[in-house]
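Asker: Let me begin by handing over the structure; questions about it come next.
The values are calculated or read from the model by the stated rules, or taken from the named source; none is laboratory data. Bear in mind that the values here come from a model prediction, so they are computed numbers and not experimental data. No Cβ is skipped: glycine too gets one built from the backbone with ideal geometry, and neighbour counts run over all protein chains shown. Quick note on the areas: whole protein, heavy atoms, side chains included, nothing else; ligands and nucleic acids left out. Shrake-Rupley method; radii C 1.70, N 1.55, O 1.52, S 1.80 Å.
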Amino acid sequence: MIVENAPTILSVKNLTSNVEGTQILKGLNLEIKAGEIHAIMGPNGSGKSTFSKILAGHPDYEVTGGEVIYKGENLLELEADDRATAGVFLAFQYPIEIPGVSNLDFLRVAYNSHRKARGLEELDTFDFEDLVEEKLDVVKMRAEFLNRSVNEGFSGGEKKRNEILQMALLEPTLSILDETDSGLDIDALKIVANGVNQLATEDNCTLMITHYQRLLDYIVPDFVHVMYDGRIITSGDKDLALKLEEQGYDWAIEEFATVGV
Amino acid sequence: MSPETITKQQVSSLTQLLNLREPLATEVTALKTLRDRSEAWVRELAIPTTRDEEWRFTDLSPLLNVEFNTAPSVDVKQSRIETCLLPEAPQSRLVFVNGAYTESLSDVRALPEGVWAGNVSALPPEKQEQLGDYLARHPNHGEVFTALNSASFTDLAIVWVPRGKIVETPLQLMFVASPTDKAMLTQPRCLVVAESNSSLTLVEEYIATTEGCPDSQGVAYFNNAVTEVWLHENADVNHVRLERDNGSAFHIGTTAVTQARDSRYRFHALTLGAQLSRHNIEVHQIGEGTTTTLNGLTLIGKTQTADTHSTVAYNYPNGTANQLHKCIVGDKAHAVFNGRIVVPQAAQMTNASQLNRNLLLSPKARVNTKPQLEIVADNVKCSHGATVSQLEADEVFYLQSRGLDKTTSENLLVDAFAAEILQEVPLESLRKAIAQCVACRVEL
Ligand SMILES: Nc1ncnc2c1ncn2[C@@H]1O[C@H](COP(=O)(O)OP(=O)(O)OP(=O)(O)O)[C@@H](O)[C@H]1O
Ligand SMILES: [Mg+2]
C-alpha cells in the first residue's frame, strides 16, 4: 500500500556491477518506501537475480558504481549476515539444498541470530518449536518438513514455501522475492501469495521479481518496473503488468532505445 | 639417490627397527614361536617406497630420517589421562603406557564374570595356549609392519568374551604414548575374541600425554599397532578406534577382523592425530551371512598425512558390507583412501556398498581416493563411489543470508558433513568430543 509520508526503506542510485568481468547492471535506479509492494519484470538475463543477490550481499557480485541506501545506511558496506539481521531478506529463485543440516536447527539458529543482533535472549528448543508451529500455518506446511535436511528432496513448490516460512519467522523489513511464483501450481501459488500478503504491513516493503502477471493477481503491486539490459527502463502501476502480459517487452525496449540514454 | 641406495636404506631402517625388540614379558610358547617366525620373515623385507602400489600416495621417507629408540618405561599419573576417560565406561578400561600394561591405571571391575581383560597373564593357561590360533592368522599378516609388530611385541592387550556373554558396559582400551626426549618405537598388540553369541562394545584409543590440545606437536615417536578381532558365530562387536597420537608422531596401524557365520561387526575409525598415519583395515569372512559396517572419519590439518586402506574380502554367500569413509582435510594436509571389496564366485548374494566422501577446507589440501570393487560373483548387489568437494560458496551464502555469520555458517556445514559418521558412534561423550574437534579445526 502507498502510505503518505512513509519513510524510504531502499534507495538505489545508478548502480553498476560486474560479474566475472562482464558488466551486468548498467545504472539501476529504484526507490521503495515503507508499506509499498514493487514488482520487477523483464526478459531472461536482464539482471534481475543479479540485482537481488547484490542487495542480499553475495560476495561474487562486484559493485563498480552507484549507491544502495537501506534505512539511511550504506547497505553495500554490510556483510550478508548483517544485512539479514538488519531486515533484508531474499527468497531465492533456486533455494539450495543443504544435506545433513536439519531444517528445524537451521531455522532456530537463523532466528536466534536475529534475536542476538537485537540484544534479545535466544529462544530455547522448546519455545522455538512452539513459535515455528505457529508459522507453519502461514504457508500450510506440515511439521514433518522440519525434521528433514534443509530443502533436501523438497519439490520445487515445497522449497518456495520453505523460503516464505523463513520470511514469516524472520519478519524482514525488505523482502525480495525472486521468482517465488515460478513453477508453482495454482494452489501452491495461492498459499504462497496469501502468506506474503499476511506478512505485508505498513512498516515493511516487498520487492517481487516475476515473469508472470498471474502472481500480481494475488499480490497486487503498487509499482511495476521493467528491467532490461541492467537498467529499469520504464515504471508504472499495476496496469503496466497487464500491458506487458498482452504486448510483451518489445515496445518498452523500443521506446527506451529511441529516447536514448 | 639411485634406486639401489634407496632400497638399501629401506632395508637397513627396517633392520634397525627390528633390532629394537625387547624380550617377551611372558613364557607362552605360542607367542615365542610367532615372534621368531616373524623375525625371520621381516629380515627378508624392506620399508616400502612410493613405487610400491600399496604405498603409492604415502611417502614413508620422513620415517627413515628419524632414529628410533626402545620405549622407556614411564610412570603416568591418573590425572594425565583423566580427561580422556569415558564416563560411559566406568571401571571398564585397560591402559597401556608406552606399550606396557599399566595395572595401576586399569580397572575392569564393571566387566561381567568370565570376561578376560588385561594382558597375557590375565588369561588362564589353557587360553594362553590357544593364542597361536588367533594371532597373525589373517591372510595379510605378512605385511611388513604387521610382521614387524609380530616379531617385536612384548605383551598383548587381551579382551576375551566367552560364549553367550553380553558385555553391557563399553570397554575402553587406551594405548598411551608418553614420549620422553628421544624418539621411541612402541608396538602395541591387541587381541579381541568374541566367542559365539557374545556381544561387546570396544573403544580402542591411541593418545599421547601432550600438554594442551592432544593433536599439537610434541616429541616424535612411532606407534606400530596391530589389533586382531575375532567374531565367532553370531557374535556382535561394536568397535570404535580413535587415533589421536601427537602431531609429530608416526602411526601405522592394522585392524584385522575375522568374521564367522552370522556375526555382526560395526567399526568406527576416527583418525585425527599423527603427522603421518596409515590405517589398514582388513575384514575376512569365514562363514556366510556376516554383516560388516565400516564407518570412518579422518579429520586432519597442518601438514598431516592420513592414509586409510581397507579390504573386505568375501568367501561365503549372503554377506552384507556397508562402508562410508569421510575425510575433512584442512591446510596442507593430505588424505588417502583406498577401499577394496572382494567378492569371488563363492560369495553369491553379497550386498556391498562403499562410499568415500572428501571435504577440502583449503586450496592446498589434497586427497587421493580409489574405491576398488573386485567382483566375480554374478548374483550380487554392489555399489561404490567417491566425491571430493569444497565448502560450497552458495551454501555458505544461503546461511549467511539468513543471519548466520560466516564462521557459524561454515561450521554448520562441516558439522553436517561429519555428523553422518559421528551419529553412529555408540558413546555420546565421544560424539561430543570429536564434534568439538571438528568445530575447532574449521576455525584454524
Ligand atoms: N555467476 C555468474 N557468472 C557469470 N555470469 C553470470 C553470473 N550470474 C549471472 N550472470 C549473467 O548475468 C546476466 C544476468 O543474469 P540474471 O540471473 O541476473 O538474470 P535474470 O534477469 O534474473 O534472468 P532470469 O529471468 O532468467 O532469471 C546473464 O547474462 C547471466 O548469464
Ligand atoms: Mg533470475
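Asker: Quick one: order B:Ser353, A:Ser11 from most to least accessible surface, probe 1.4 Å.
Answerer: Working: B:Ser353 35, A:Ser11 15 Å².
Order by accessible area, largest first: B:Ser353, A:Ser11.
Asker: Next up: Which one of A:Ile54, A:Leu104, A:Phe89 is farthest out on the positive end of the charge dipole of segment A:43-118, using unit charges on Cβ (Lys, Arg +1; Asp, Glu -1) and the Cα centre as origin?
Answerer: Final value for the positive-end residue is A:Leu104.
Asker: Here's another thing I want to ask about it. May I ask you to rank A:Ile186, A:Ile232, A:Ile98 by accessible area, largest first, using a 1.4 Å probe over the protein chains only?
Answerer: A:Ile186, A:Ile232, A:Ile98
Asker: If I fit a long axis through the Cα atoms of helix A:250-259 and take the longest principal axis of the Cα atoms of chain A, what angle between them do I get, 0 to 90°, rounded to 10?
Answerer: Roughly 50 degrees between the two axes.
Asker: For the protein assembly as shown, would you read off the P(r) tail past 38 Å as a percentage of all alpha carbon pairs?
Answerer: Of the Cα pairs, 48 percent sit more than 38 Å apart.
Asker: Right, something else. How large is the accessible surface per residue of segment B:63-128, computed with a 1.4 Å probe and reported in Å² as a whole number?
Answerer: Normalised by residue count, the accessible surface of segment B:63-128 is 52 Å².
Asker: Within the accessible area of the protein assembly as shown, what % is carbon and sulfur when the probe is 1.4 Å and the other protein chains stay in place? Before the final figure, lay out each step's value.
Answerer: Values: 13680 of 29160 Å².
Ligands and nucleic acids excluded, carbon and sulfur give 47 percent.
Asker: Then there is this: Helix A:156-170 versus the longest principal axis of chain A: what angle, 0 to 90°, nearest 10, using Cα atoms?
Answerer: On a 0 to 90 degree scale, this one is about 80.
Asker: When chain B is treated as a GNM, springs tying every alpha-carbon pair under 10 Å, which of B:Gly142, B:Gly118, B:Gly296 comes out with the largest mean-square fluctuation?
Answerer: For chain B, modelled as a Gaussian network with Cα springs under 10 Å, the answer is B:Gly142.
Asker: Something else: Treat every Asp and Glu Cβ in segment B:3-287 as -1 and every Lys and Arg Cβ as +1, leave all other atoms uncharged, and give the resulting dipole magnitude about the Cα centre to the nearest 20 debye.
Answerer: Magnitude of the dipole: close to 120 debye.
Asker: What is segment A:8-260 by shape, rounded, prolate or oblate, if you read a ≥ b ≥ c off the alpha carbon gyration tensor as root eigenvalues and call it rounded for a/c under 1.5, prolate for a/b larger than b/c, and oblate otherwise?
Answerer: Taking the square roots of the gyration eigenvalues as a ≥ b ≥ c, segment A:8-260 is prolate.
Asker: Give me the three principal axis extents of segment B:52-91 from the C-alpha atoms, as integers in angstrom, largest value leading.
Answerer: Largest first, segment B:52-91 extends 44, 27, 14 Å along its Cα principal axes.
Asker: Rounded if a/c is under 1.5, else prolate if a/b is larger than b/c, else oblate: which is segment A:117-182, with a ≥ b ≥ c the root eigenvalues of its Cα gyration tensor? Please list the in-between numbers first.
Answerer: Values: a/c = 2.14, a/b = 1.27, b/c = 1.68.
Verdict is oblate for segment A:117-182.
Asker: Using a Gaussian network for chain A with springs between C-alpha atoms less than 10 Å apart, which of these wobbles most: A:Leu240, A:Leu75, A:Leu170?
Answerer: Ranking A:Leu240, A:Leu75, A:Leu170 by mean-square fluctuation puts A:Leu240 first.
Asker: Right, something else. Could you tell me how many degrees, from 0 to 90 and to the nearest 10, lie between the Cα long axis of helix A:238-247 and the main elongation axis, the longest principal axis, of the Cα atoms of chain A?
Answerer: It is inclined by approximately 70 degrees.
Asker: So, with +1 on the Cβ of K and R and -1 on the Cβ of D and E, and no other charges, what is the size of the charge dipole of the protein assembly as shown about its Cα centre, to the nearest 20 debye?
Answerer: 2020
Asker: Moving on to the next point. For chain B, what is the relative contact order in percent, using Cα pairs closer than 8 Å and at least 6 residues apart in sequence?
Answerer: 10 percent.
Asker: A:Tyr218 accessible area, nearest 10 Å², 1.4 Å probe?
Answerer: Estimated to the nearest 10 Å², A:Tyr218 gives 80 Å².
Asker: Which of B:Leu202, B:Leu299, B:Leu63 moves the most in a Gaussian network model of chain B with Cα springs under 10 Å?
Answerer: Checking each option, the largest mean-square fluctuation is seen for B:Leu63.
Asker: Rounded to the nearest 500 deg cm²/dmol, what is the calculated helix-only ellipticity per residue at 222 nm for the protein assembly as shown, with -39500 (n - 2.57) per DSSP H run of length n ≥ 4?
Answerer: -8500 deg cm²/dmol
Asker: Check the straight Cα-Cα distances from B:Lys165 and name the lysines below 18 Å, setting aside those fewer than 8 residues away within the same chain.
Answerer: Cα-Cα hits under 18 Å: B:Lys127.
Asker: What full-extension length gain, to one decimal in nm, is calculated for A:Glu79 and A:Glu121 as 0.36 nm per residue of separation minus the Cα-Cα distance?
Answerer: Working: separation 42, 0.36 × 42 = 15.12 nm, distance 2.26 nm.
Working it through step by step, the gained length comes to 12.9 nm.
Asker: If you take the accessible area of A alone plus B alone and subtract the pair, what total do you get in square angstrom, rounded to 100, with a 1.4 Å probe?
Answerer: It comes to approximately 1800 Å² buried between A and B.
Asker: Going from most exposed to least, what order do B:Asp75, A:Asp185 have by accessible area with a 1.4 Å probe?
Answerer: B:Asp75, A:Asp185
Asker: Is the C-alpha gyration tensor of chain B telling us rounded, prolate or oblate? Criteria: a/c under 1.5 is rounded; beyond that, a/b larger than b/c is prolate, otherwise oblate.
Answerer: Here chain B falls in the rounded category.
Asker: Ignoring everything but the protein chains, give the 1.4 Å probe accessible area of A:Lys243 in square angstrom, nearest 10.
Answerer: Here the accessible area works out near 80 Å².
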